[in-house]
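**Student:** Please find one structure pasted underneath; my questions will follow.
The values are calculated or read from the model by the stated rules, or taken from the named source; none is laboratory data. Please read all numbers here as calculations on a predicted model, not as lab measurements. Neighbour counts run over all protein chains shown; Cβ positions are idealised from the backbone, glycine included.
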Amino acid sequence: MKLKRIFIGSLVLLALIVGVSVFAQVKRPYHNGSVWNIAFIRMKPGMETAYLNYLAGPWKAEQEASKKEGLILSYKVVGAEGHSPTDWNLMLMTEYKDLATMEANEDKGDALVQKVIGNDEKQRQGYRDRLEIREVMGNRLAREIVLEPRSK
């Protein structure tokens, strides 16, 4: 009876080892790409030009400085049609190499914003001013998935 248990246990262990080694050899048809911080914004009616002026000025200056310092890879502004008063109509996208780099550079990013935009009080005043012209509908972190070419 004891010998039978050892034999069955050995077979189960062997099956697990073979299964794990086969699983480890599976080639995924993709790899992880960069990480995007995406802000969903609703520009208030009649305030589109005011908000886009802000984006073309201080926001862009901050993004360009971050890019120059190597804190971000790129940034984008994407407009969309809102279908209801609760829909976003603008996406602000900032691309980072990966999550680890994004998190490791938080202090450098904060120092850069202080230099480009101003001290904490000036930044808070900017947030208060922008409340009049836009609403932040949400924020998401997303990872780009890079698809590999299909093998024939």
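**Student:** In the range 26-73, how many residues are assigned to a strand (DSSP E or B) and among the β-branched types (Val, Ile, Thr)? Working first, answer last.
**Tutor:** Within the range 26-73, the first condition is being assigned to a strand (DSSP E or B), and the residues that meet it are 30-43.
Filter once more, so that each one left must be among the β-branched types (Val, Ile, Thr): 35, 38, 41.
Looking only at that region, the number is 3.
**Student:** Here is a further query. Between residues in the range 107-124 that are more than 16 Å from Lys68 (Cβ to Cβ) and residues that are surrounded by 11 or more Cβ atoms within 10 Å (Cβ to Cβ), which pairs lie under 6 Å by C-beta distance while being six or more apart or on different chains?
**Tutor:** Gln123/Ile117
**Student:** I've got another one for you. Select the helices (runs of 4 or more DSSP H) contained entirely in the range 75-146, then report the ones holding at least 2 residues which are under 17 Å from Tyr51 (Cβ atoms).
**Tutor:** On the way: elements: 99-104, 106-116, 120-131.
Those helices (runs of 4 or more DSSP H) span 120-131.
Yes or no, residue by residue, for (1) of a type outside the set (Val, Ile, Thr); (2) at pLDDT below 95; (3) out of contact with any helix residue (DSSP H, G or I) (no Cβ under 6 Å at 6 or more places or on another chain):
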position	(1), (2), (3)
Lys60	yes, no, yes
Lys76	yes, no, yes
Gly82	yes, yes, yes
Pro85	yes, yes, yes
Tyr96	yes, no, no
Asp110	yes, yes, yes
Gly118	yes, yes, yes
Leu141	yes, no, yes
Lys152	yes, yes, yes
